[in-house]
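These notes are about the structure you will find just below.
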Protein chains: 2
Amino acid sequence: MDSCGQENSQETVAFMELAVQQAKLALDSLEVPVGCVIVEDGEVIASGRNRTTETRNATRHAEMEAIDFLLEQWHKIGLSEAAVAKKISQCSLYVTCEPCIMCASALSILGIKEVYYGCANDKFGGCGSILSLHSSSPESLLSGGVQWKKGFKCTGGVMASEAVALLRSFYEQGNPNAPKPHRQPVQRV
Amino acid sequence: MDSCGQENSQETVAFMELAVQQAKLALDSLEVPVGCVIVEDGEVIASGRNRTTETRNATRHAEMEAIDFLLEQWHKIGLSEAAVAKKISQCSLYVTCEPCIMCASALSILGIKEVYYGCANDKFGGCGSILSLHSSSPESLLSGGVQWKKGFKCTGGVMASEAVALLRSFYEQGNPNAPKPHRQPVQRV
């Protein structure tokens, strides 16, 4: 993370609010509430929310949903591979929770410009918490002196409390989709 | 890797031959030739080949293609999330090249039983070359003492020379999709 906890611009907060809206839609669908938007030239061009339950596919995280939607649109209008690569290198992704290792790798493979995220992902985070796949520095956790693509700029802690509150309300309901529930639902009076 | 270079069973080689066939289909389509199959109870239930060029989506690796196809099928027949998790934990994946960090993470998230691969992926391999995401041992590269899911059994070096030969023939043709070609095509006489 480059600037966890520092003041965020109005624009950053505005885009993260849209990501939070996506997370709320996920919550309404009984999904783990994580949402994101992808921004190009100050405009939202894709959004995604976690859909692992609906799709019965545990890899359908918000970021993968938004990426696949966007790339399909670009494919439909006939953009070349080089054009796609150029456009994605000018895009920013705003996501309510730190991308996991899979999603951070995907964003690195695609060559996204930058990522803003809300709360940290202490279990599987790929942008600082467990691995630093966004980082192109030789001090990253990758072995063998191999540079993991070029990396991307990454800023955490944007509206983190809202992101955490959504996740908390999901788990307090008791996750209806968990194979083995870890805790009882909170009794509401 | 658990047993790189050791003798492989007839069954292992037979399934890897099917993965190689998928890689050849990718080569015929001017894609980086990587292919895979997913096996349950000794039967192939899904196959995939690299489709990054056709889809203009650099994350559409063979493994992601096969996974998404399979999970969609299981969704269509109405399997519950728990049933899907159980079935995938009994599946093996055979892929011609070591899964990259993104794919190894996805396979770990899904909880696949085991992976057999052909050649190593020295740049982006997530099963021993760069990271060991298949490993559940505390000596893995993950920081903070966090255990990355439960890991999966992984065996490399199965028909590695065939996998390398396919990749070599692709790059010797000159990759027609590379934004900046790294080498001139080999002149054939």
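The values are calculated or read from the model by the stated rules, or taken from the named source; none is laboratory data. Small disclaimer: the values here were computed from a predicted structure and weren't measured. Virtual Cβ from ideal backbone geometry, glycine too; neighbours counted across all protein chains shown. All accessible areas refer to the heavy atoms of the entire protein, side chains included, with ligands and DNA or RNA removed. Shrake-Rupley method; radii C 1.70, N 1.55, O 1.52, S 1.80 Å.
Assorted remarks:
- A:F124 being under 23 Å from A:I45 (Cβ atoms) and open to solvent by 30 Å² or more (accessible area, probe 1.4 Å): no
- For the range B:68-77, a residue qualifies if it is surrounded by fewer than 22 Cβ atoms within 10 Å (Cβ to Cβ) and facing chain A (nearest Cβ under 9 Å), and the qualifying residues are B:D68, B:E72, B:W74, B:H75.
- Subset of the range B:15-29 [among the charged types (D, E, K, R) and over 20 Å from B:D41 (Cα atoms)]: B:K24, B:D28
- Of the residues making up the range A:25-67, those that are in contact (Cβ under 8 Å) with a residue 12 or more places away in the chain, assigned to a helix (DSSP H, G or I) and surrounded by fewer than 17 Cβ atoms within 10 Å (Cβ to Cβ) number 2.
- Condition check for A:L107: part of a strand (DSSP E or B), buried (at least 21 other Cβ atoms within 10 Å of the Cβ) and within 14 Å of chain B (Cβ to nearest Cβ): no
- Residues in the range B:84-97 that are more than 9 Å from every other protein chain (Cβ to nearest Cβ) and either part of a helix (DSSP H, G or I) or open to solvent by 60 Å² or more (accessible area, probe 1.4 Å) (or both): B:K87, B:Q90.
- Per-region count, the range B:1-11, residues modelled with pLDDT of 95 or more and either among the hydrophobic types (A, V, I, L, M, F, W, C) or buried (at least 17 other Cβ atoms within 10 Å of the Cβ) (or both): 0
- Selection status of B:S135, within 14 Å of chain A (Cβ to nearest Cβ), under 22 Å from the mean Cα position of the chain (by Cα) and at pLDDT 50 or above: yes
- Filtered residue count, the range A:110-121, keeping only those that are open to solvent by 30 Å² or more (accessible area, probe 1.4 Å) and either facing another protein chain (nearest Cβ under 9 Å) or among the basic types (K, R) (or both): 1
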